[in-house]
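I have placed the structure first, in the form of structure tokens, so that the comments after it can refer back to it.
The values are calculated or read from the model by the stated rules, or taken from the named source; none is laboratory data. Remember, it's a predicted structure, so these values are computed and weren't measured experimentally. No Cβ is skipped: glycine too gets one built from the backbone with ideal geometry, and neighbour counts run over all protein chains shown. These area figures cover heavy atoms from the full protein model, side chains too; ligands, DNA and RNA do not enter into them. Shrake-Rupley method; radii C 1.70, N 1.55, O 1.52, S 1.80 Å.
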Amino acid sequence: TKILTMPSLDIPANYRLRFSWRNHDSKEMPIPEKSNLISSSNKQKSAITEEFQNKIIGHDTTFCEISSDNTNWTTLKIMSAPSIQTAYTEEKIDLTPYAGTGRVIRWRYKTNASSSAYGSLLDNVFVEGIPLYSITPENWDFGSQQILDPALEKQFTITNTGIGTLKINSSSVSGTNA
């Protein structure tokens, strides 16, 4: 078992933990040094890659945990890849239920030791405010109208009512004939 622990934090309400993780990919694992592999066929190399993939999937697990006394831990998230990860996976965990002083967050990596494992990777770890928003008006019924009629324009106001940065990645229109 390997453990990575953050320093003690004071966590306000409406904050979250955001981070990216992945299990170490077999493409980054060293291939065993065997002279017969130097001139091996693609089929043999594929079998070696599959062998390394099987060392991760179903064997390695990372636990994200929180504690207020550094003794008793609550699991926030269990991460175990169902398949080889070729990219990081972003996680967001609401810390509001754990708001308070002296909180410690850790990641605990565990393997069942059935094979040699290479570990889990963490990146871009943030404790940040949760973005909250309001939209005014919440909805608007335009009724039956001609397409592209400039008199039908309607302004909606989106207000960030939280502490975090609010990012709008897309918008959509729904309903009949949308």
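Annotations for the structure displayed:
- The set of residues in region 59-83 being farther than 16 Å from residue 6 by Cβ and open to solvent by less than 40 Å² (accessible area, probe 1.4 Å) consists of 60, 61, 79, 81.
- Evaluating residue 159 against the criteria (1) more than 30 Å from residue 10 (Cβ to Cβ); (2) modelled with pLDDT of 75 or more; (3) among the β-branched types (Val, Ile, Thr) leaves one unmet condition, (1).
- Residue 87 being at pLDDT 65 or above, open to solvent by less than 40 Å² (accessible area, probe 1.4 Å) and within 14 Å of residue 121 (Cα to Cα): no
- Total residues in region 90-116, condition within 16 Å of residue 2 (Cα to Cα), β-branched (Val, Ile, Thr) and either modelled with pLDDT under 95 or open to solvent by 60 Å² or more (accessible area, probe 1.4 Å) (or both): 1
- Residue satisfying all of: in region 1-43; open to solvent by 60 Å² or more (accessible area, probe 1.4 Å) and of a type in the set (Gly, Ala, Ser); modelled with the highest pLDDT among these: 8
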